[in-house]
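The values are calculated or read from the model by the stated rules, or taken from the named source; none is laboratory data. Computed from a prediction, not measured in an experiment: that's the story for all the values here. In this analysis, Cβ positions are derived from the backbone assuming ideal geometry, glycine residues included, and neighbour counts consider all displayed protein chains.
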Amino acid sequence: MDIRTVGIVGAGQMGNGIAHVFALAGYDVVMTDISQSALDRAMATIGRNLDRQVTRGRIAEADRAAALGRIRTTLALADLGPSDLVIEAATEREQVKNEIFAGLLPHLAPHTILTSNTSSISITRLASRTDRPERFMGFHFMNPVPVMQLVELIRGIATDEATFRSCLAVVERLGKTAASAEDYPAFIVNRILMPMINEAVYALYEGVGSVRSIDTSLKLGANHPMGPLELADFIGLDTCLAIMNVLHEGLADTKYRPCPLLVKYVEAGWLGRKTERGFYDYRGPAPVPTR
């Protein structure tokens, strides 16, 4: 199937990044969210990120203008119906995703491929709530989308080969690399990454090290570009907790039990960079550890 038009549900950090890379690759994009202010912020973010690419010589000014011209925003979920491909990039809550799919289904074209950017939730289960499980799959981008090269493609039990091949061709046109993952909790990247972050939180919780010493140890001792606690703040502590809960519930293994300190931070509303406080406090000129 030749995919030309793409609908994106959600204009947050992931959604606007996905819209950015698709528009830059020549796709016509329709992006929706529940508030106009979210859509306005998303377009401003896309504009700034494209400007940065122009400044660094990675794209031409004409490419920037063309990409912005290919993105249309709407508050009406139904406007995504005629799209060849729809990517759901809403919050990592299964009930929310199911409600979005229920709202989309009456408006979708028969040929539309429906996908989710979920980082952990069962693709088979999400697909079973739709009218097209054979044309449903996981399309998981890494954050920040314009920078990160990997896309996880996850087939549900009913996903057909044509759907997989169509999505693989899209990834290649975006200039990214696909990794095929089986439909098990958290797939590949987060199955490995989140327990590491959770263990770093346990190390902090148990007093093995401070925020600064834990992050410095992994950056200099394992050559990671960001320490695990700094990375958790970047991802969002609520997202980290949600993925750990999926792993714990889906695999029934105590090694995936979320650290109580991670739960406490989320309960406090200290979710990382997006709330200006997490394992670091971002309200001043430089991040300061909160423990």
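Here are some notes:
- Check on ASN143, under 15 Å from the mean Cα position of the chain (by Cα), of a type outside the set (Gly, Ala, Ser) and either within 17 Å of HIS224 (Cα to Cα) or assigned to a strand (DSSP E or B) (or both): yes
- Subset of region 234-288 [of a type in the set (Lys, Arg), assigned to a helix (DSSP H, G or I) and under 20 Å from MET196 (Cβ atoms)]: LYS255, LYS264, ARG273
- TRP270 fulfils the conditions (1) surrounded by fewer than 22 Cβ atoms within 10 Å (Cβ to Cβ); (2) touching a strand residue (DSSP E or B) at 6+ places or on another chain (Cβ under 9 Å); (3) closer than 17 Å to ARG93 by Cβ; (4) not acidic (Asp, Glu) except for a single criterion, (3).
- Given (1) over 26 Å from ILE121 (Cβ atoms); (2) out of contact with any helix residue (DSSP H, G or I) (no Cβ under 8 Å at 6 or more places or on another chain); (3) not charged (D, E, K, R), number of the condition ASN245 does not satisfy: (1)
- Of all residues in region 229-246, those that are without any contact (Cβ under 8 Å) to a residue 60 or more places away in the chain have Cβ atoms under 6 Å from Cβ atoms of residues that are buried (at least 24 other Cβ atoms within 10 Å of the Cβ) and among the polar types (S, T, N, Q), 6 or more apart or on another chain, in MET244/ASN198.
- Pair list, Cβ < 9 Å and 6+ apart or interchain, from region 13-36 residues that are at positive phi and touching a residue at least 24 places away in the same chain (Cβ under 8 Å) to residues that are of a type in the set (A, V, I, L, M, F, W, C) and assigned to a helix (DSSP H, G or I): GLY26/ALA66; GLY26/ALA67
- For region 100-139, filtering for residues that are assigned to a loop (DSSP other than H, G, I, E, B) and either in contact (Cβ under 8 Å) with a residue 24 or more places away in the chain or not assigned by TED's automatic domain parsing to the domain that holds ILE154 (or both) leaves 14.
- Note on region 162-211: residues that are touching a Leu at 6+ places or on another chain (Cβ under 9 Å), basic (Lys, Arg) and either more than 21 Å from GLY17 (Cα to Cα) or surrounded by 19 or more Cβ atoms within 10 Å (Cβ to Cβ) (or both) amount to 1.
- From ALA25, ALA44, ALA102, ALA19, residue being in contact with a helix residue (DSSP H, G or I) (Cβ under 6 Å, 6 or more places away or on another chain) and modelled with pLDDT of 95 or more: ALA25
- Taking region 58-77 as the range and being among the charged types (D, E, K, R), in contact (Cβ under 8 Å) with a residue 12 or more places away in the chain and in a loop (DSSP other than H, G, I, E, B) as the test, only ARG70 passes.
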